[in-house]
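Please treat every number below as a calculation from the coordinates, not as lab data. Just so we're clear, the structure is a prediction, and the values are computed from it rather than from any experiment. We place every Cβ from the backbone using ideal geometry, glycine too, and count neighbours over all the protein chains shown.
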Amino acid sequence: MKMPTVKYQKGDTVMGRWPGSSLYYQVKVLGFDSKSQLYTVIYKDGTELELKEQDIKSVTGFQTRSRSRSRSRSPARRRSRSRSPARTTRRSSSRTAAAVAATAITESTPSSRRDTRLKDTVEVRLSPVKSEAKVEAESEKNQGPYNLRRRKADGDAKPAEAKPDQPEKKAKEAAAPSTIPSAPLDFGGKMGAYFWLLFLPAWVLFVILQGNLTDPSLINAPPPLPPLDTFWDAQALCFVILWILFQALLYILPVGKLSEGMPLRSGVRLKYRTNGFFAIMVSAIVVAVAVHQGADLTYIHSHFLQLATATFIISVLLSIYLYVRSRYAASEELALGGNSGNVVYDFFKGRELNPRIKNFDLKFFCEMRPGLIGWCLINFAMALAEMKKHNLDAPSYAMILVNLFQLLYVVDGLWNEEAILTTMDLMHDGFGFMLAFGDLVWVPFTYTLQAYYLVLHPNALSLPAVIAIVTLKLIGFYIFRKSNSEKNAFRRNPSNPKLSHLKTIPTATGKSLLVSGWWGVVRHPNYLGDLIMALAWSLPCGFSHLLPWYYMIYFIILLVHRDSRDMSECRRKYGSAWDEYCRTVRYRIIPRVY
C-alpha cells in the first residue's frame with residue numbers, strides 16, 4: 001500500500017488559511033493525519049486547527065505572490081483594501097456583520113473588552129495579510145452559524161499578524177518558540193498556590209486526628225498535635241516505598257493493551273500501558289496470600305498517621321523532581337496552565353504535561369495505580385480493624401457497603417482505564433504538587449474516611465436501609481458509566497456508525513459538541529453520577545457526625561470548581577458554538593437545579 005505524500009513536515013512554518021475566510025496567517029505544522037488527510041497546525045495565540053493541504057501555502061511563495069499583487073494594484077485600490085470592514089460595510093444583518101467580523105483582527109485590551117460588552121460595534125485596528133479573493137457571502141456560508149475565532153477566557157483571541165518583511169525572524173520563532181501560550185491562573189492564582197500548599201497537608205492531618213476522637217465533630221476545636229516523633233515511623237516509610245515499587249513493577253510488565261493517547265499540541269500521540277485491572281487483581285492475590293500467611297493488615301489502621309506522613313514526604317520529593325526536570329523540558333512538552341513564571345504557582349500546578357522516564361509515564365502511573373489501588377487496600381484493612389476492635393466474625397453492613405461501593409468504583413475505573421486518556425488531568429494539567437499530592441496522599445487518606453470512621457464509630461443498618469442505599473448506588477453508577485462511555489467513544493471516533501444517532505453542534509476547531517444521550521440532559525452527567533455515588537458512600541455512616549460526609553461536601557465543591565474551569569476553557573476554545581451549546585443544554589450538573 002502506497003503511503004500518501006506529505007508535503008509539509010512537522011515543525012514547518014507555513015501560511016494557513018483561517019477557516020471560513022480568505023485570510024492567511026503564519027502557523028506551525030504539528031503533524032499530519034494520514035486517515036483524514038488533514039494537517040494539525042497551531043497559530044501564535046495557541047489555537048489549534050486541522051487544515052486541508054489546499055488551505056496551506058509556503059511562506060516564501062505566499063509572500064512573493066502577495067508582493068506581486070501589491071505592485072499590480074493602484075494606490076487607490078490599496079487604500080480601499082486598508083480600510084476596516086466596519087468602515088466599508090454599511091448597515092447589514094447581524095449575520096453578515098458576524099461574517100465580516102470573522103475576517104478581521106481586533107486588538108483587545110482590558111478596557112476595550114469591557115466596552116465590547118456594552119457596544120455592538122468593534123474597532124478594527126490591524127489588517128492581516130489577505131489573499132487575492134475577497135470575503136464574499138459564500139465564505140459566510142462555509143463558516144456556518146458560529147464565529148470561527150477562538151476566544152480567550154475573558155475576551156477574543158487574535159491570531160498573530162504575518163509580516164511579509166520579516167519572514168526569517170517569524171519562521172525562526174515558529175520553529176523554536178521560547179514560550180508557550182499563556183493560560184488563566186487557576187486555584188486563586190499565585191496567592192492561592194501558597195494557600196493550597198499549606199492547607200491541603202494540614203487538612204489531611206486534621207481529619208486523620210479528628211477520626212481518632214470519641215466525638216469527631218468538625219465544629220470542635222482541632223485536637224492537640226501529638227509529639228513530633230509520633231508522625232515518623234521508618235517501617236511505615238518502607239511499606240509505602242515497597243507498595244509504590246510493586247505497583248511500578250506491575251505497570252511496566254508487558255501485559256495488557258498498549259493504548260494511544262489523544263493528540264498533544266506537538267501532534268504526538270503517546271502510548272500508555274493500560275493494565276490497571278491486571279494490577280489490582282495481582283495486588284488482591286498478593287494481599288490475600290499475605291493475610292493467609294499471618295500478615296496483620298490492622299497495622300494500616302493503627303499507623304494511619306505515620307503512613308500518611310511517609311506518603312506526603314514522597315509526594316513532596318516527587319514534586320521537587322518534577323519541577324526541576326521541567327526546567328529542561330522543551331516548550332512543546334509543557335502544559336499551558338503551569339508556566340506563569342512564578343516558582344510557587346508553577347511548582348503547585350505543574351509545568352511539564354507528560355513527564356516520562358523513557359516509556360514510564362509518571363503522571364499516568366500516579367493517577368491510576370498506587371493511590372487508587374491503595375484506597376481499596378486501606379478500606380480492606382479498616383474492615384479487619386473493625387472486626388478486631390469489636391470482636392466480630394464479619395464486618396458490619398455499613399463497612400461492607402462502603403468497601404463494596406468504593407471497590408466497584410476503583411475496579412470500574414481500572415477496567416475502563418483507557419477512558420482516562422481523554423480527561424482534563426491527562427490532556428491539559430501539568431504534573432506538579434497538585435496532582436502528585438492528590439494522587440498519592442489525598443485519595444488514599446481522605447477517600448477512606450468513611451471506613452476509617454466506622455472502625456471507632458459503628459453504625460447499625462436495617463435491611464430496608466441497605467436495599468435503599470444499594471439501589472441509590474446502582475443508579476449513580478449506571479449514569480456515571482453510561483455517560484463516560486458515550487463521551488469516551490465520541491471523543492475517540494466521532495464518525496463511528498454506532499454513534500450516528502447522537503446529535504452534535506459543530507465548532508470552528510473541526511470538533512463537535514455532543515448534545516444527545518446523557519449529554520443532552522446536563523452538561524456533566526458523569527458528575528451527576530459521581531455525586532449520587534458519593535451520597536451512597538456516606539449514608540452507611542449515619543448522621544451522627546459530619547466527618548464521614550466530608551467526601552460528599554468536598555466532591556460538590558470540587559465538581560462545581562471543575563465545571564467552572566471547563567466552562568472557561570470551552571468558551572475560549574469553541575467560541576460562539578459553546579454559547580449555542582449552553583442554550584441547548586441549560587443545566588450544568590443537576591437537572592432543573594444547577
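What does the charge count near Phe277 come to, summing +1 for each Lys or Arg and -1 for each Asp or Glu among other residues with Cβ under 14 Å from its Cβ?
0
Using mean Cβ contacts within 10 Å as the protection proxy, how do 260-268, 310-318 order, highest first?
In decreasing order of mean packing, 260-268, 310-318 become 310-318, 260-268.
Using a Förster distance of 45 angstrom, determine the FRET efficiency expected from the C-beta separation of Ala394 and Glu53, and round it to 0.05.
0.10
For each of Lys349, Lys35, Lys10, count neighbouring Cβ atoms within 10 Å of the residue's Cβ, then give the residues from fewest to most.
Lys35, Lys10, Lys349
With the dipole of segment 464-594 worked out from charges on the C-beta (+1 for Lys and Arg, -1 for Asp and Glu) around the Cα centre, which of Ser516, Phe480, Leu539 lies farthest toward the positive end?
Of the options given, the answer is Ser516.
How would segment 461-594 be classified by its alpha-carbon gyration tensor: rounded, prolate or oblate, with rounded meaning a/c under 1.5 and the a/b versus b/c comparison settling the rest?
It comes out prolate by the Cα gyration axes.
Can you sort Arg491, Arg327, Arg572 so the residue with the fewest Cβ neighbours within 10 Å comes first?
Ascending Cβ contact count within 10 Å gives the list Arg327, Arg491, Arg572.
Need one word for segment 544-594: rounded, prolate or oblate. Basis is the Cα gyration tensor (sqrt eigenvalues a ≥ b ≥ c); a/c below 1.5 gives rounded, then a/b vs b/c decides.
Taking the square roots of the gyration eigenvalues as a ≥ b ≥ c, segment 544-594 is oblate.
Ranked from highest to lowest mean number of other Cβ atoms within 10 Å per residue, what is the order of the peptides 424-435, 283-294?
My ranking of the peptides, most packed first, is 424-435, 283-294.
7 Å from Cα along Cα→Cβ at both Ser544 and Leu408: what's the point-to-point distance in nm?
Output for this residue pair reads 2.6 nm.
Dipole magnitude of segment 437-594 about its Cα centre, charges +1 at Lys/Arg Cβ and -1 at Asp/Glu Cβ only, in debye to the nearest 20?
Approximately 620 debye in magnitude.
Quick one: net charge of Ser319's neighbours, Cβ under 15 Å, K/R +1, D/E -1?
Taking every Cβ under 15 Å from that of Ser319, the sum is 0.
In whole angstrom, note down how far apart the Cα centers of segment 343-384 and segment 251-265 are.
Cα centroid of segment 343-384 versus Cα centroid of segment 251-265: 16 Å apart.
Can you put Met368, Met191, Met387 in order, fewest other beta carbons within 10 Å first?
Met191, Met387, Met368
Just to verify a number: FRET efficiency for Ile557 and Phe206, C-beta to C-beta distance, R0 = 25 Å, to 0.05?
Between Ile557 and Phe206 the formula returns 0.95.
Rounded, prolate or oblate: which fits segment 243-357 when a ≥ b ≥ c are the square roots of the eigenvalues of the alpha-carbon gyration tensor, with rounded for a/c under 1.5 and prolate only if a/b beats b/c?
Oblate is the answer for segment 243-357, as a/c is 1.5 or above yet b/c matches or exceeds a/b.
Full extension from Arg491 to Ile285: what is 0.36 nm times the residue separation minus their Cα-Cα distance, to one decimal in nm?
70.7 nm
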